[in-house]
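Notes for the one structure printed next.
Each reported figure results from applying straightforward, stated rules to the coordinates on display, with no laboratory input. Bear in mind the structure is a predicted one, so any value in this text is a computation, not a measurement. Neighbour counts are summed over all protein chains in view; Cβ atoms, including those assigned to glycine, are modelled from backbone coordinates with ideal geometry.
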Amino acid sequence: MIFDTQEQKIYHARHMSTRIVIDTRDFVNFTRSLHGKIKLNECIRLKDYLADSQGNLEYIINGILDRNDKPMLQVSIKGELNLNCQRCLGKLLHELNLKSTLFLVENEKELSYLDEDESVEGILATPDMDIIELIEDEIILNLPFSPRHKENDCSTKKLTDNYTAEKKRPFAALLELKKLH
Ligand SMILES: [Zn+2]
């Protein structure tokens, strides 16, 4: 991959893998585009949600200005994830095909205004945004709340298990909300 002067390549000491960092304002102002692959096992936070972390994800990130000159990042992520079925706890293949538009904002106040509108997503502008973390956040935000096999593919069909899974989820959801805010 070729890196121009605005982008840097840094090494994450603990994992010795390549981290890619962008300056979000420059990225938008110069309408840059970044296309690449990341290994699922580099996605440290996402791992908690997965049955295993084998495989790759493909991403495209575009910096653009919309019709009203509002800066934004367009993020597309494709790949396959193995989640755990909430009914039988077995592996469940989840096809990922995410497309998000993130409005770039300058401060927390702007961000909280955006948060009031559920149809738009905002992100704080920063000179050193870690691409892997950005991708992880987008995936985690968009994961199915209670992934399950289809009735006939699931290894457990007992009503009692269904009941337990339903009972646990509200708390899991609350915890996830706390982590995000
Ligand atoms: Zn299942």
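Descending by average beta-carbon neighbour count within 10 Å, the peptides 110-123, 34-47 line up as 34-47, 110-123, the highest first.
Our estimate of slack between Asp115 and Ile60, defined as 0.36 nm per intervening residue step minus the Cα-Cα distance, is 17.4 nm.
Think of the stretch 108-153 as having a plus end and a minus end, set by charges on the Cβ of Lys, Arg, Asp and Glu; of Thr126, Leu141, Leu114, Leu141 sits farthest toward the positive end of this dipole.
Couplings for the stretch 113-122, taken from phi via the Karplus curve 6.51 cos²θ - 1.76 cosθ + 1.60 with θ = phi - 60°, read 4, 5, 4, 5, 9, 6, 7, 10, 10, x Hz in order; Gly and Pro are left as x. Sparse packing (at most 13 other Cβ atoms within 10 Å of the Cβ) combined with a DSSP loop state is found for the following trypsin sites (Lys or Arg not before Pro) in the stretch 64-163: Arg67, Lys150, Lys157, Lys158.
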